[in-house]
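Novice: Got a structure for you, questions after.
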Amino acid sequence: MSKVVKVIEVLAQSEKSWEDAAASAVKAASKSVDNIKSIYIVDMSAEVKNNKIVNYRINAKISFVIGKKK
């Protein structure tokens, strides 16, 4: 049986780290989609205030299998 995979692009941010931003992206996406298989970080950036990073930001692609739920 062949699988169909859909990819969505998401933006996320965290005050802690890029890894935390990625985890937040997956957590948020999992509220509306099932069968998440991977996250691909396209771009990373950070917001700086007073010479300190205050937000870590990612642009990511999340892929998930679509089809019937079991």
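Novice: Please indicate, with yes or no, whether at least one residue in segment 42-51 is exposed (fewer than 14 other Cβ atoms within 10 Å of the Cβ), at pLDDT below 95, β-branched (Val, Ile, Thr) and part of a strand (DSSP E or B).
Specialist: No: zero hits.
Novice: Further, regarding this structure: Taking residue 38, is it within 10 Å of the chain's Cα centre (by Cα), exposed (fewer than 13 other Cβ atoms within 10 Å of the Cβ) and touching a residue at least 24 places away in the same chain (Cβ under 8 Å)?
Specialist: Values: within 10 Å of the chain's Cα centre (by Cα): yes; exposed (fewer than 13 other Cβ atoms within 10 Å of the Cβ): yes; touching a residue at least 24 places away in the same chain (Cβ under 8 Å): yes.
Spelling it out, residue 38 is indeed within 10 Å of the chain's Cα centre (by Cα), exposed (fewer than 13 other Cβ atoms within 10 Å of the Cβ) and touching a residue at least 24 places away in the same chain (Cβ under 8 Å).
Novice: Keeping to segment 1-32, report how many residues are farther than 17 Å from residue 61 by Cβ, at pLDDT 95 or above and not in a strand (DSSP E or B).
Specialist: Qualifying residue count, segment 1-32: 5.
The values are calculated or read from the model by the stated rules, or taken from the named source; none is laboratory data. Note that this is a predicted model, so its numbers are computed, not measured. In this analysis, Cβ positions are derived from the backbone assuming ideal geometry, glycine residues included, and neighbour counts consider all displayed protein chains.
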